[in-house]
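Working notes for the structure below.
The values are calculated or read from the model by the stated rules, or taken from the named source; none is laboratory data. Nothing here was measured: the structure is a model prediction, and the numbers come from that model. Please note: Cβ atoms are built from the backbone with ideal geometry, for glycine as well, and neighbour counts cover all protein chains shown.
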Amino acid sequence: MVNARDSINQPSGRRAVARCAELGRAPYSEMEGGLFRPYLGPSYRATCDRLATWMHAAGMTTRMDAAGSLLGRYEGLAPDAPVLLLGSHIDSVRDGGFFDGMLGVILGIEAVAHFAAAGKRFPFALEVIGFGDEEGSRFPSGMLTSHAVAGVLDTPDPAMRDWADTATLATALAEFGLDAGRMHAASRKGENILAYVEAHIEQGPVLEAEGRALGVVSAIAAQHRYRMTLRGMAGHAGTVSMDLRRDALVGAAEIILAAERIGRAGTDGLVATVGSLDVMPGAANVVPGEVVFTLDVRAGTNAARDRAAREILAVADAVAKTRRLELAISMQQDLDATPCDPRLTTFMEQAVRDVTGADPRLLVSGAGHDAMIMAHLAPVSMLFIRCAGGISHNPAESVTDADTDSALRAMIAFIGLFERHFG
Ligand code: HGY
Ligand code: MN
Ligand code: MN
């Protein structure tokens with residue numbers, strides 16, 4: 001729990017870390033002994049309520065948008081002032097770390113609390129957003145809510161079932177008091193959103209390897225995420241001879257090894273990952289009749305991503321033919337490489353230089369972020385924070401109070417620079 005010393009006028013890295021840790025367990029998680037905070041679940045609701053109390057204490061009003069993201073607003077000098085948007089995502093992966101996404105939301109709140117405590121107002125409003133679905137860990141979607149805010153949401157299928165097959169998007173939204181038919185109302189398109197700024201753990205080893213607390217993101221890697229289904233023929237493991245089998249799992253294994261081979265041989269920061277795989281019927285004495293797996297391909301450029309994806313999918317086609325399997329592929333995430341705004345990046349570099357006294361390190365982010373989508377709405381900038389061992393999407397994910405304090409001071413410095421160059 002946050003202790004009494006953390007009064008509102010002492011925003012700090014330590015308090016931000018403590019708050020992320022507080023949100024890492026029940027009722028803010030739906031996983032026994034770990035963190036799983038799926039979009040629109042009961043833990044998501046509890047987390048939004050807790051974040052709202054911290055936003056109110058930081059002088060903000062709060063609302064839930066039509067797609068289920070939480071927004072805090074700290075008024076500017078005029079009621080119709082433009083908006084500087086800070087934030088990141090609230091949802092987590094299954095058995096995730098405390099800081100992926102949440103640290104950016106909390107640092108946004110801490111930055112506002114700093115200015116509120118000083119009675120400082122700007123010629124723009126400060127808003128802090130906690131996106132609901134960045135990970136795609138509940139529904140096969142991913143960045144659904146930032147697509148809605150950026151006004152680039154293709155109408156999602158309200159009948160889309162969640163991975164756990166317990167609800168549809170429509171029923172999950174309805175339980176949250178929202179209407180799947182109105183998600184587009186979350187759009188901020190046409191409003192005067194000056195910029196979107198996201199602080200996030202690096203989720204990689206570079207800053208730690210170079211002894212740096214902070215980094216500045218120059219661009220975010222291109223991403224394709226596919227859902228692949230291979231259908232063969234289930235059969236008795238004792239009676240179907242090897243040459244007569246149409247074994248979906250062995251076919252998938254060939255494709256997975258090819259993805260690794262192609263990923264290793266690539267350039268431009270190419271990576272290829274099969275992160276989830278379901279085998280049906282999944283019994284020891286049954287030849288697998290069907291396999292569903294995901295393929296995630298990323299690179300620093302669209303061209304490198306596309307080249308590798310084409311090669312892997314060609315192998316998948318060939319394997320399906322040779323093994324007499326049916327192959328179905330659906331694209332789940334198609335994200336272009338996204339450069340951060342050069343002007344904002346110079347402000348963020350200056351902020352990091354002011355705070356750390358060292359020239360900032362620019363990095364390309366291999367991890368995807370809502371900033372990729374928000375770039376359709378406004379110029380974006382990202383600040384990276386060192387995380388131990390570069391570990392993320394793992395309960396061992398961790399940051400230090402000192403690095404988080406540096407990040408908070410960099411966010412505060414960035415906002416000051418932004419104001420100086422505003423108008
Ligand atoms: O997959 C990603 O890069 C992000 O964590 N959603
Ligand atoms: Mn993540
Ligand atoms: Mn993230």
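Here are a few things to note about the model shown:
- Candidates E290, E202 - the one that is in contact with a helix residue (DSSP H, G or I) (Cβ under 9 Å, 6 or more places away or on another chain) and closer than 30 Å to A410 by Cα: E202
- Selection of region 91-145 for residues being more than 16 Å from ligand 1 (Cβ to nearest atom), over 15 Å from Y196 (Cβ atoms) and among the acidic types (D, E) yields only E110.
- Which listed residue, of R94, R45, is within 16 Å of ligand 2 (Cβ to nearest atom), within 20 Å of the chain's Cα centre (by Cα) and assigned by TED's automatic domain parsing to the domain that holds T400: R94
- Of the residues A337, A413, A402, the single one that is modelled with pLDDT of 95 or more and in contact with a Ser or Thr (Cβ under 7 Å, 6 or more places away or on another chain) is A337.
- Residues in region 354-378 that are assigned to a loop (DSSP other than H, G, I, E, B) and more than 16 Å from ligand 2 (Cβ to nearest atom): G357, A358, D359, P360, R361, A375, H376, L377, A378.
- The set of residues in region 333-380 that are within 16 Å of ligand 1 (Cβ to nearest atom) and either small (G, A, S) or free of Cβ contacts under 8 Å to residues at least 40 places away in the same chain (or both) comprises A337, S365, G366, A367, G368, A371, A375.
- Residue within region 264-276 that is without any contact (Cβ under 8 Å) to a residue 40 or more places away in the chain, over 26 Å from D95 (Cβ atoms) and charged (D, E, K, R) present: yes
- Checking every residue in region 211-218 against the condition of being at pLDDT 95 or above, out of contact with any Cys (no Cβ under 8 Å at 6 or more places or on another chain), more than 18 Å from L408 (Cα to Cα) and not β-branched (V, I, T) gives at least one match.
- Pick from region 289-311, criterion part of a helix (DSSP H, G or I) and acidic (D, E), ranking: farthest from ligand 3 (Cβ to nearest atom): E311
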